[in-house]
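Right, one structure below, let's go through it.
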Amino acid sequence: MSAVWYLCRKQVKNFIFDLIHKPGKLALYIIIAVIIVVAILSRIFAYQNETIVFSDIYFLHGGYIGVMLLIAIPILLRGLQSGATVFRMSDVHFLFNAPISPKLVLSYGLVKQLLTSVFIVFLLLTNSYQLSNLFGLTVWQTVILAIGVAVMLCAVQMLAMVIYSLTNGRKFLVHVALTILYVCILALAAIYLAEFYVNGMDVNSAISSLGSPYLEYVPIIGWMKGAIFGFILGNYVTAGIYTTLFAVVIGIAIVVFVARDLDFYEDVLESTARFDQIRRNKREGKMNFGRGKVNVKTTGLKRGSGASALFYKHLLEQKRRNRFFISMPSMFLYLINIVFVVILSVSSRNIILSDGILICSAIMSCYIQFFFSTSGDWSLELEKATIYLLPARSFQKLLWASVTTIMRPMIDGILMYTVLCPVLQANPLTALVCAAAYGSMGLLYTACNILFRRLFGKISVNRGPVMIVYMLFVALITAPGIVTSILIFIFLSNLSIFIVGLPFITWNVGISILIIGLCRNMLDYVEYND
Amino acid sequence: MLEIQNLTKIYKNVVANSNLSFTVQAGEVAVLLGPNGAGKSTAIKCIAGLLRFQGEIRVCDFPNKSIEAKRNFGYIPEIPSTYENLTVMEHMEFISLAYKVDDWKPKAQGLLVRFEMMDKVDKLGKELSKGMQQKLSICCALIAEPKVVLFDEPFVGLDPHAIKELKDLIGEMRAKGSAVLISTHMLDSIEELWDKAFIMCHGKIAAIRKRSEMEQNGESLEELFFEITEGKEEKA
């Protein structure tokens, strides 16, 4: 016990000392704390008599179930295939081999996971202001929502570990567990559709069905949602029932795990190694969207010479990494846009024209693209020594290495707006300008990435503050194009959206070419450090 | 063939390499020896053009960052890093296309056979063990038949067969007139290979010895290594 207790104490102490030595990280935590305090105070001192129109609470019901599903399904599915984990590789190397009871090691892992979850609660609380504004929630109601998410995260990890250990790779048992999981998901969908049907199959019923109490009958996900909304809405009996049900299931899982003396060390090894790699990638700024298992059907690059071999290699890698050449970020973007367009079309009730919806979707897509822009092929290429060693000019290597990264948003833009334009019956020229704007923003993000790599090299410390500077820089550099387009829109209102968008696109392309041109020798100057 | 003049590398406040100067001639196998943290890997990375540095490094009479120099040297890093989604043979193909190697297939097959990798040609980079990745890294670096080869701890993670094969290959490269620089702290592994030794300590070259000189004077490389490294550490 003393060794585990010593480890916990030292980790907390070193975390605090590390924070003191990293002013950027410390500043980030202070900012988060300030945001939370401001959000809480602003809600406490808000005018009580103020008449505010809040959004439909059913959206919150639906959103919360969505969050629960997003937390539970991937963890449980992954858990069934290769196990879940609450450990790090350092735990595997030092604790698993030490003469310490596995039960104590498990308790240590769960406590650590719970602490991580508490941190997530704080992160969620930074958004409490928006939740308060949108749905009129009090601070404590928001805290309850966040606690629900944290408990769910921890409980599902535990559940996944138990299921994996019990099924232990035996096909029949895995199928049984998968069937139960799918039945739960299908039950949620069926209950929602039934409510939608019973309530009249219109927009209102689509929204109100999200708050159906029957959804709360579904085990784990539904129970947690029922418990949390019971507490929020003051239905303490409901809250108590669902909390008890949830606690009993998780309690049984823990008892089974401990009582059956399951040898979980082997079960968590693979998943711990995998999660450690993901954490390492994240720390190094690499985003892993790739598919786990790749079937190699055809082999060979076949084309390319000198620096252009990089481009053909990227094409081959993309083919292997993505399904039907569509990457995970692209899929995510398509999905978000479909949902966004549907919601905007329904909720605006023809107040916003089709062209306006397309433009809103383009603005949102450009913003979302920012978060995926650091994970392009070219930045992954810089993680390997090969690009620095190839006998070709730096500019040639830079260009060939960034072609797929630049092409990707252009293709995404064309695909997305080719589909959305006829669906919304919008003007094709507006769709064209939206696609071009999205593509040009992709080019600009890549150019800014190159510039920051040229200026700061590989950022391994103080990534947070550098990212903030990066965001501000991107905002600053896009400003002239945005301002010009807005001015044209205001003062020459008769012009079509196509003409209005042109200055923005032209500026993006021009400034990107200039930045890439100025950074042409970057591979001769940037340092590679593995 | 490989000339290093006053190579200095400073990381913030740490002097990793201080005024290193040495040469490796054609047909010579030189070893860069030193304890952990002596600055060997940093020196190798500077020579490979991966890090900025002060001083001058020339490969086959060209500055090390020039295209001509890059065409002439091969670098095998300490930590192999393969492409996750390329097969073993595609790694060889990619490097051959990028280095414009003619008739690459027989060369690739020859290297893969020597390192017992022919049954792994369709395996993806991410499916390879660390040792396999190291073998692939060696094969990729050698397919372009470089005149100057830089090895950073090449024997770590290799199985006995691969170690023997690599030693044979280094001997063959010497015979063909290539200049080979090996960075290592494993004295046993390079015992029968080296022609010239640079012993590093605290970022500096503490001693340069030729095998012929040591044999004449009856010196032992191991004794000299400990004399320098342990002696200096005691002073520090």
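Here are the numbers:
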read-out	value
One residue from A:Leu389, A:Leu399, A:Leu382 being among the aliphatic types (A, V, I, L, M) and open to solvent by less than 10 Å² (accessible area, probe 1.4 Å)	A:Leu382
Of the criteria (1) over 19 Å from the mean Cα position of the chain (by Cα); (2) outside any helix (DSSP H, G or I); (3) more than 9 Å from chain A (Cβ to nearest Cβ), which one B:Pro80 fails	(1)
Within the stretch B:92-109, tally of residues that are open to solvent by less than 10 Å² (accessible area, probe 1.4 Å) and facing chain A (nearest Cβ under 10 Å)	3
Qualifying residues in the stretch A:159-177 (those that are out of contact with any helix residue (DSSP H, G or I) (no Cβ under 6 Å at 6 or more places or on another chain) and part of a helix (DSSP H, G or I)) - the one nearest to A:Val256 (Cα to Cα)	A:Leu166
Some residue of the stretch A:515-523 being away from every other protein chain (no Cβ under 14 Å) and either of a type in the set (S, T, N, Q) or touching a Phe, Trp or Tyr at 6+ places or on another chain (Cβ under 8 Å) (or both)	yes
Some residue of the stretch A:191-203 being within 27 Å of the chain's Cα centre (by Cα) and of a type in the set (Gly, Ala, Ser)	no
Any hit, the stretch B:133-140, residues being in a helix (DSSP H, G or I) and open to solvent by 30 Å² or more (accessible area, probe 1.4 Å)	yes
Enumerated helices (runs of 4 or more DSSP H) restricted to the stretch A:347-451, each holding at least 2 residues that are closer than 30 Å to A:Tyr528 by Cβ and within 14 Å of another protein chain (Cβ to nearest Cβ)	A:377-381, A:386-389, A:394-424
Selection from the stretch A:508-523 of residues that are surrounded by 15 or more Cβ atoms within 10 Å (Cβ to Cβ), in contact with a Ser or Thr (Cβ under 6 Å, 6 or more places away or on another chain) and under 17 Å from A:Leu390 (Cβ atoms)	A:Leu523
Positions within the stretch B:17-52 being more than 16 Å from the chain's Cα centre (by Cα), modelled with pLDDT of 90 or more and either within 14 Å of chain A (Cβ to nearest Cβ) or under 29 Å from A:Ala392 (Cβ atoms) (or both), in sequence order	B:Asn17, B:Leu20
Residue within the stretch B:211-230 that is in contact with a Ser or Thr (Cβ under 8 Å, 6 or more places away or on another chain) and surrounded by fewer than 22 Cβ atoms within 10 Å (Cβ to Cβ) present	yes
Whichever residue in the stretch A:145-180 is among the hydrophobic types (A, V, I, L, M, F, W, C) and over 26 Å from A:Lys112 (Cβ atoms) and, among such residues, is surrounded by the fewest Cβ atoms within 10 Å (Cβ to Cβ)	A:Phe172
Residue match in the stretch A:474-487 (condition: within 14 Å of chain B (Cβ to nearest Cβ) and modelled with pLDDT of 80 or more)	no
Sole exception among (1) among the hydrophobic types (A, V, I, L, M, F, W, C); (2) more than 7 Å from every other protein chain (Cβ to nearest Cβ); (3) surrounded by fewer than 22 Cβ atoms within 10 Å (Cβ to Cβ); (4) under 22 Å from the mean Cα position of the chain (by Cα) for B:Val121, by number	(4)
Pairs, first within 19 Å of B:Phe53 (Cα to Cα) in the stretch B:63-76, second open to solvent by 20 Å² or more (accessible area, probe 1.4 Å) and not in a strand (DSSP E or B), C-beta under 6 Å, six or more apart	B:Lys65/A:Asp524
Residues located in the stretch B:61-77, provided they are more than 8 Å from chain A (Cβ to nearest Cβ) and touching an Asp or Glu at 6+ places or on another chain (Cβ under 7 Å)	B:Phe62, B:Ile76
Verdict on A:Gly230 being crowded, with 19+ Cβ neighbours inside 10 Å, part of a helix (DSSP H, G or I) and of a type in the set (Gly, Ala, Ser)	yes
Condition broken by A:Leu344, with the remaining ones in (1) within 14 Å of chain B (Cβ to nearest Cβ); (2) in a helix (DSSP H, G or I) satisfied	(1)
Conditions (1) of a type in the set (Phe, Trp, Tyr); (2) part of a helix (DSSP H, G or I); (3) within 14 Å of chain B (Cβ to nearest Cβ): number failed by A:Tyr528	(2)
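Let's see how each residue does on (1) under 22 Å from A:Asn337 (Cα atoms); (2) open to solvent by less than 60 Å² (accessible area, probe 1.4 Å); (3) basic (Lys, Arg):
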site	(1), (2), (3)
A:Met410	yes, no, no
A:Leu420	yes, yes, no
A:Asn427	yes, no, no
A:Thr430	yes, yes, no
A:Met441	yes, yes, no
A:Leu451	no, yes, no
A:Gly457	no, yes, no
A:Val474	no, yes, no
A:Gly481	no, yes, no
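The values are calculated or read from the model by the stated rules, or taken from the named source; none is laboratory data. Owing to the predicted nature of the structure, the values given are computational and were not obtained by experimental measurement. Note that we place each Cβ from the backbone using ideal geometry, even for glycine, and neighbour counts take in every protein chain shown. Heavy atoms of the whole protein, side chains included, go into the accessibility calculation; ligands, DNA and RNA do not. Shrake-Rupley method; radii C 1.70, N 1.55, O 1.52, S 1.80 Å.
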